[in-house]
Amino acid sequence: MSLMLRCPHCGPRTIEEYVYGEIPVVPDSITDPNQRDVDFAFMKANRRGWTTERWFHLFGCRRWLTVERNTVTNQVRQPTSSS
Amino acid sequence: MNEFMEAQVRLSWQEARDSYDVVIIGGGGHGLATAYYLATRYGITNVAVVERGYIGSGNSGRNTTVIRANYGLPESVAFYQRSLELYRGLEAETDRWLMHNEMGLFWMTHTETGVRQEKMRAKLNTAMGAITDFVTPEEIHAMCPEIDLEGGGRYPVLGASYHPQGATARHDRVVWALAEGAMRHGVAVLQHRTVTGITMVGDRVTGVQTDHGPIGAGVIVSCVAGQSTLIADMVGLRLPIRSHPLQAFVTNHYQRTFNHIVASVDLATYVSQTARGEMLIGAEIDRQPSYSYQSSFDFLQSTAAKASMFLPFLKDLRILRQWGGVCDMSPDSSPVMGTTGIDGFYISTGWGTWGFKAIPAGGESMAELVATGETPDLIKPFRLSRFADDRVLADAGSSGTQQ
């Protein structure tokens, strides 16, 4: 079974309908403004475990939703909000 | 590896010592190749390869074993062509049969823009030493009549770039041959030992912590796949890497020889025949970043549908087994290798879905870097600092995994 995300507008849909959107977080330890820009643009936390991420429902309502997902088990906590 | 194979390839395991000049994290193709070339080219043998499972149990045992150099950027073509040439000589050099088989690879396209792109690829590759020709549908049919040029009615084949040196090799044998060659020179390969931390004094690494005790190291090379971020986190290094699962599957055996690798750029699907006669089919990475090795039914369904559009005989076969691996995807679909800004800590990562073909050149380049302290010209373009320098090497179209 493909990974399912429940869109607040369209109901449960498979992951193929969505586009991934990261929430980039630049660590406070990086202070140089140029380095912060590079980190923001390219570097990833790539967290193992629970992570909060954004998904864009491209082949549906074309709205963004926020999802909590475990990157090891792919367990999903229901989207808490949309905006 | 089972006992029979261990007897065949004469691997000599050692007890761990307290410290080594070089500790390589990850006993897959890249880690063992680095150790192999350090030992054979530079005589550096006080080396340990630390592997959390058994050798080749990570992505080296989970890939689709395609060796090719038909990339889209001059830097990439030069690097992968070097790797392809090293592969050609590796059987003679290691005196081990790697089942290396130059089948020739069709890189097919189904769009007019794709035709222009493949013509350009053929020119660029040829200029950089990787033999590639643009072939028309008629020529494709003459060489490989199994391909349905109508593409199941939906994806007509408009042409392909043909790469005659495209090859496959048996992944386990590559890993074992490199391990055996390194061990013969005294390299220690430590299996079932997980690196849990990296010790540092100031800005310099001094050793690794493992679940079986610490090991001192003059130099640490991370050749980890899938979990590179976890290693980089140990030294506070930020990487442009996201882990994505990649799946593949084989069918039961096709009772005729199919001596080609056939890939569709637009469908991001590729097919070849294994030495056992199974048809090996791979496609693009999973959408969600994940460390999960789970394979899924809908991957089988969508990929089988795509592959059988251009190779209709696949419809008569059945799927035998499927598997997944976790790939280090870089933002520009090019590897990340070399120095890290941390003294004594080198990294070889970002191998995404293109790591197997790069094993010899990756190992050779990392060995040269470790031995001489100088980054070889061949891998300078792939440095980690290219992102800060605004010199990204965007080549997703050559990886076969574009999203």
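The values are calculated or read from the model by the stated rules, or taken from the named source; none is laboratory data. Fair warning: this is a prediction, and the values are worked out from it, not measured in the lab. Note that we place each Cβ from the backbone using ideal geometry, even for glycine, and neighbour counts take in every protein chain shown.
List of remarks:
- Residue satisfying all of: in the range A:5-18; more than 11 Å from chain B (Cβ to nearest Cβ) and in contact with a strand residue (DSSP E or B) (Cβ under 6 Å, 6 or more places away or on another chain); surrounded by the most Cβ atoms within 10 Å (Cβ to Cβ) among these: A:Cys7
- Subset tally (residues that are part of a helix (DSSP H, G or I) and either crowded, with 17+ Cβ neighbours inside 10 Å or at positive phi (or both)) for the range B:14-67: 15
- Residue check, A:Arg48 at the interface with chain B (Cβ under 8 Å from one of its Cβ atoms), surrounded by 13 or more Cβ atoms within 10 Å (Cβ to Cβ) and assigned to a strand (DSSP E or B): no
- Inter-residue pairs, beta-carbon under 6 Å, first in contact (Cβ under 8 Å) with a residue 60 or more places away in the chain and among the hydroxyl-bearing types (Ser, Thr, Tyr) and in the range B:308-335, second assigned to a strand (DSSP E or B) and surrounded by 23 or more Cβ atoms within 10 Å (Cβ to Cβ), 6+ apart: B:Ser330/B:Val336
- Enumeration of residues in the range B:292-305 that are touching a helix residue (DSSP H, G or I) at 6+ places or on another chain (Cβ under 9 Å) and not small (Gly, Ala, Ser): B:Asp298
- Condition check for A:Asn34: within 9 Å of chain B (Cβ to nearest Cβ) and over 13 Å from B:Pro289 (Cβ atoms): yes
- Candidates are the residues of the range B:103-130 that are among the charged types (D, E, K, R) and under 21 Å from B:His141 (Cβ atoms); the one that is nearest to the chain's Cα centre (by Cα) is B:Arg121.
- Inclusion of B:Asn70 among residues that are under 26 Å from the mean Cα position of the chain (by Cα), in a helix (DSSP H, G or I) and not assigned by TED's automatic domain parsing to the domain that holds B:Ala394 is not warranted.
- Unmet requirement for A:Gly60, which otherwise passes all of (1) touching a residue at least 24 places away in the same chain (Cβ under 8 Å); (2) surrounded by 13 or more Cβ atoms within 10 Å (Cβ to Cβ); (3) within 14 Å of the chain's Cα centre (by Cα): (3)
- When B:Leu311, B:Leu320 are screened for being surrounded by fewer than 17 Cβ atoms within 10 Å (Cβ to Cβ), among the aliphatic types (A, V, I, L, M) and away from every other protein chain (no Cβ under 12 Å), only B:Leu320 passes.
- In the range B:225-246, the count of residues that are more than 14 Å from every other protein chain (Cβ to nearest Cβ) and not aliphatic (A, V, I, L, M) is zero.
- Applying the criterion of at least 2 residues that are among the hydroxyl-bearing types (Ser, Thr, Tyr) to the strands (runs of 3 or more DSSP E) found wholly in the range B:171-219 leaves B:195-201, B:204-210.
- Count of residues meeting criterion [closer than 24 Å to B:Lys306 by Cβ and of a type in the set (A, V, I, L, M, F, W, C)] in the range B:123-141: 3
- When residues of the range B:327-340 are limited to those that are buried (at least 24 other Cβ atoms within 10 Å of the Cβ) and not in a loop (DSSP other than H, G, I, E, B), the one farthest from the other protein chains (Cβ to nearest Cβ): B:Met337
- Test result for B:Thr136, in contact (Cβ under 8 Å) with a residue 40 or more places away in the chain, under 20 Å from B:Ser264 (Cβ atoms) and touching a strand residue (DSSP E or B) at 6+ places or on another chain (Cβ under 8 Å): no
- Residue match in the range A:19-32 (condition: at pLDDT below 95, of a type in the set (A, V, I, L, M, F, W, C) and buried (at least 17 other Cβ atoms within 10 Å of the Cβ)): no
- B:Val224 being surrounded by 21 or more Cβ atoms within 10 Å (Cβ to Cβ), under 30 Å from B:Ser19 (Cα atoms), assigned by TED's automatic domain parsing to the domain that holds B:Val205 and of a type outside the set (Asp, Glu): yes
Results for (1) at the interface with chain A (Cβ under 8 Å from one of its Cβ atoms); (2) surrounded by 21 or more Cβ atoms within 10 Å (Cβ to Cβ); (3) in contact (Cβ under 8 Å) with a residue 12 or more places away in the chain, shown as yes or no for each residue.
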{"position": "B:Ala248", "(1), (2), (3)": "no, yes, yes"}
{"position": "B:Thr251", "(1), (2), (3)": "no, yes, yes"}
{"position": "B:Tyr254", "(1), (2), (3)": "no, no, yes"}
{"position": "B:Phe258", "(1), (2), (3)": "no, no, yes"}
{"position": "B:Val265", "(1), (2), (3)": "no, yes, yes"}
{"position": "B:Gln273", "(1), (2), (3)": "no, yes, yes"}
{"position": "B:Arg276", "(1), (2), (3)": "no, no, yes"}
{"position": "B:Pro289", "(1), (2), (3)": "yes, yes, yes"}
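- Test for B:Ala179: is it in contact with a Gly (Cβ under 8 Å, 6 or more places away or on another chain), within 14 Å of another protein chain (Cβ to nearest Cβ) and surrounded by 24 or more Cβ atoms within 10 Å (Cβ to Cβ): no
- Some residue of the range B:87-94 being assigned by TED's automatic domain parsing to the domain that holds B:Thr269, in a helix (DSSP H, G or I), in contact (Cβ under 8 Å) with a residue 40 or more places away in the chain and among the polar types (S, T, N, Q): no
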